[in-house]
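Student: Submitted below is the structure of interest, expressed as structure tokens.
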Amino acid sequence: MSVMSVKTGSLLGSLFLFGAMRLNQAQSVPESTAIIKNDRVVENRRISTKAVKDAFDHARSIQFENGMDNEFRRQLINIISDYEAAGVEAIRHLVDNRSTDPEVASMALRYLGAIDHPATYRQRLFVLLHTLKHRLPIVRDGAVLGLDFLGEPEAINDLASALNNEHDIDVREDMQAVLAQLRG
Amino acid sequence: MAYALRIINRNRWGINSEDYPGKERRDVPAVTLLDLAVKNNELSVWVVDAQRENLQRLMGTLSANRTSLDVIDYALFGLDIFEQLEIYTQNTEGDTLDTYANRWHLALLHLTATQVSDLAVRIWYSSTTEIKRYTSSQVTEFIIQSIRDNYFALDQLNPGLQETIKKKMK
């Protein structure tokens, strides 16, 4: 179990921290992650990776309806509430996994942005920005919609850059709408 | 020309896709039927005026009927499609928080399986159809504006959505 202590005063610093965690884990889902608050490690938690994977697997049978609550959304809220950064990382890992259902991955990103959990804000922002480069349009779209929920102006440059490279008409429309919103 | 509006999930309507099941037969993916699921052989649509002046108010109240803040996707198409498919329509009271907007509700009655599948095909291939999305930020603005215009009240919203909108209004 590794414990990291990195100054987290800036948004970019925090994003760097999360990126470093990802590199160290070399594509494996972390079973333990340091929870850092106010620049110090306060807790290490273990996460049941199977529980997160099960949530994604079960979500394959859900007919997602926009704006309507569902079991998957509730499970993601609980995962992030219980495991914080480790939970976000486990979700990122599954979103990136090629065997994950694309619609489930897309909805996970949307919910990742919508969840009200300030402690994981930077990690969730990182995951959404990272996923703007996903190979599938539906997954990139989920990241865009997640960023809309976060409403973070710092995302403007990444989103504008992604828009320049985006070929899918629907995703482009969403990017333009979210960019307009973020630019106020 | 007035339009019919049906709430959908845009991901099921890949009209802009280069490839989809049934394209070579001028058919449409079966998943679109999920957005045309009938109850008692009836389907709900809404009438939008030609200038679309009631569109945002409609979006506000339809979004307010849900449990959480999210995008709202819709298909907008010509009312003439119903006549072409010999679908029986009737203006009936809608079931949203905005009692005035409820008069824009149109029920499609006595539907058959063929009519529903033909409706999906007509919506998909009609040159006047628009498949559109409002983002959650835009939906937030519609709901807040409707509350400020007294079309409905904040405390009428579902608890989860109410909490989100309350924070956004601060």
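Student: Only residues that are surrounded by 17 or more Cβ atoms within 10 Å (Cβ to Cβ) and over 10 Å from the mean Cα position of the chain (by Cα): list them for the stretch B:68-82, please. Walk me through it before giving the result.
Tutor: Residues of the stretch B:68-82 surrounded by 17 or more Cβ atoms within 10 Å (Cβ to Cβ): B:68-78, B:81-82.
Hits for the stretch B:68-82 are B:S68, B:L69, B:D70, B:V71, B:F77, B:G78, B:I81, B:F82.
Student: May I pose another question? Which one is surrounded by the most Cβ atoms within 10 Å (Cβ to Cβ), of the residues in the stretch B:93-126 that are polar (S, T, N, Q) and under 16 Å from the mean Cα position of the chain (by Cα)? Spell out the reasoning first.
Tutor: Applying the first criterion (polar (S, T, N, Q)) to the stretch B:93-126 yields B:96, B:99, B:102, B:112, B:114-115, B:117, B:126.
Then drop every residue that is not under 16 Å from the mean Cα position of the chain (by Cα), which leaves B:96, B:102.
Values: B:T96: 21, B:N102: 15.
Selected residue: B:T96.
Student: Quick check on B:Y134: is it touching a residue at least 12 places away in the same chain (Cβ under 8 Å), surrounded by 18 or more Cβ atoms within 10 Å (Cβ to Cβ) and of a type outside the set (A, V, I, L, M)?
Tutor: Here the answer is yes, as B:Y134 does meet what is asked.
Student: Inspect the stretch A:166-176 for any residue being more than 12 Å from chain B (Cβ to nearest Cβ) and under 15 Å from the mean Cα position of the chain (by Cα) and give the result as yes or no. First the steps, then the outcome.
Tutor: Step one: filter the stretch A:166-176 for residues more than 12 Å from chain B (Cβ to nearest Cβ), giving A:166.
This time we only want the ones that are under 15 Å from the mean Cα position of the chain (by Cα), so: none.
No, because not a single residue in the stretch A:166-176 is more than 12 Å from chain B (Cβ to nearest Cβ) and under 15 Å from the mean Cα position of the chain (by Cα).
Student: Of the residues A:A105, A:A86, A:A162, only one is away from chain B (no Cβ under 13 Å), part of a helix (DSSP H, G or I) and either under 16 Å from the mean Cα position of the chain (by Cα) or polar (S, T, N, Q) (or both); which? Let's see the steps before the verdict.
Tutor: Working: A:A105 fails: away from chain B (no Cβ under 13 Å); A:A162 fails: either under 16 Å from the mean Cα position of the chain (by Cα) or polar (S, T, N, Q) (or both).
Just a single option satisfies the conditions, and that option is A:A86.
Student: Give the stretch B:1-39 a look and list any residue that's aliphatic (A, V, I, L, M), in contact with a Leu (Cβ under 8 Å, 6 or more places away or on another chain), away from chain A (no Cβ under 14 Å) and crowded, with 18+ Cβ neighbours inside 10 Å, or say none.
Tutor: Result: B:A4, B:L5.
Student: Which strands (runs of 3 or more DSSP E) sit wholly inside the stretch B:24-122 and have at least 2 residues that are farther than 29 Å from B:Q162 by Cβ? Please lay out each step first, then the result.
Tutor: Numbers: elements: B:43-48, B:72-78, B:88-91, B:105-109.
The qualifying strands (runs of 3 or more DSSP E) are B:72-78, B:88-91, B:105-109.
Student: Would the stretch A:98-110 turn up any residue that is in contact (Cβ under 8 Å) with a residue 40 or more places away in the chain, open to solvent by less than 40 Å² (accessible area, probe 1.4 Å), farther than 16 Å from A:D141 by Cα and touching a helix residue (DSSP H, G or I) at 6+ places or on another chain (Cβ under 7 Å)?
Tutor: Looking for residues that are in contact (Cβ under 8 Å) with a residue 40 or more places away in the chain, open to solvent by less than 40 Å² (accessible area, probe 1.4 Å), farther than 16 Å from A:D141 by Cα and touching a helix residue (DSSP H, G or I) at 6+ places or on another chain (Cβ under 7 Å), one finds none in the stretch A:98-110, hence no.
Student: When you look at A:D148, is it in a helix (DSSP H, G or I), open to solvent by less than 30 Å² (accessible area, probe 1.4 Å), touching a Ser or Thr at 6+ places or on another chain (Cβ under 6 Å) and at the interface with another protein chain (Cβ under 10 Å from one of its Cβ atoms), yes or no? Steps first, answer last, please.
Tutor: On the way: in a helix (DSSP H, G or I): yes; open to solvent by less than 30 Å² (accessible area, probe 1.4 Å): yes; touching a Ser or Thr at 6+ places or on another chain (Cβ under 6 Å): yes; at the interface with another protein chain (Cβ under 10 Å from one of its Cβ atoms): yes.
Against the criterion (in a helix (DSSP H, G or I), open to solvent by less than 30 Å² (accessible area, probe 1.4 Å), touching a Ser or Thr at 6+ places or on another chain (Cβ under 6 Å) and at the interface with another protein chain (Cβ under 10 Å from one of its Cβ atoms)), A:D148 qualifies.
Student: In addition: Please work out which residue is nearest to the other protein chains (Cβ to nearest Cβ), limiting yourself to the stretch B:139-158 and to residues that are in a helix (DSSP H, G or I) and free of Cβ contacts under 8 Å to residues at least 12 places away in the same chain. Reasoning before the result, please.
Tutor: Here is the first cut: in the stretch B:139-158, the residues in a helix (DSSP H, G or I) are B:139-148, B:154-156.
If we keep only those that are free of Cβ contacts under 8 Å to residues at least 12 places away in the same chain as well, we get B:141, B:148, B:155.
Numbers: B:E141: 9, B:R148: 19, B:D155: 19 Å.
If we take residues in the stretch B:139-158 being in a helix (DSSP H, G or I) and free of Cβ contacts under 8 Å to residues at least 12 places away in the same chain, then B:E141 is nearest to the other protein chains (Cβ to nearest Cβ).
Student: Here's something else I'd like to know. When only residues in the stretch B:123-138 that are more than 14 Å from every other protein chain (Cβ to nearest Cβ) and assigned to a helix (DSSP H, G or I) count, which is farthest from A:Y111 (Cα to Cα)? Spell out the reasoning first.
Tutor: If we filter the stretch B:123-138 for residues that are more than 14 Å from every other protein chain (Cβ to nearest Cβ), which is where we start, we get B:123-129.
Within this subset, residues satisfying the condition of being assigned to a helix (DSSP H, G or I) are B:123-125.
Numbers: B:I123: 30, B:W124: 29, B:Y125: 32 Å.
Residue satisfying both the conditions and the ranking: B:Y125.
Student: Given the criteria over 30 Å from B:E24 (Cα atoms) and out of contact with any helix residue (DSSP H, G or I) (no Cβ under 9 Å at 6 or more places or on another chain), does B:L79 qualify?
Tutor: Details: over 30 Å from B:E24 (Cα atoms): no; out of contact with any helix residue (DSSP H, G or I) (no Cβ under 9 Å at 6 or more places or on another chain): yes.
Here the answer is no, as B:L79 does not meet what is asked.
The values are calculated or read from the model by the stated rules, or taken from the named source; none is laboratory data. No experiment lies behind these values; they were computed from the predicted model shown. All Cβ positions, even for glycine, are placed from backbone atoms using ideal geometry, and neighbour counts span all protein chains on display. Keep in mind that these areas ignore ligands, DNA and RNA; they rest on the heavy atoms of the full protein, side chains included. Shrake-Rupley method; radii C 1.70, N 1.55, O 1.52, S 1.80 Å.
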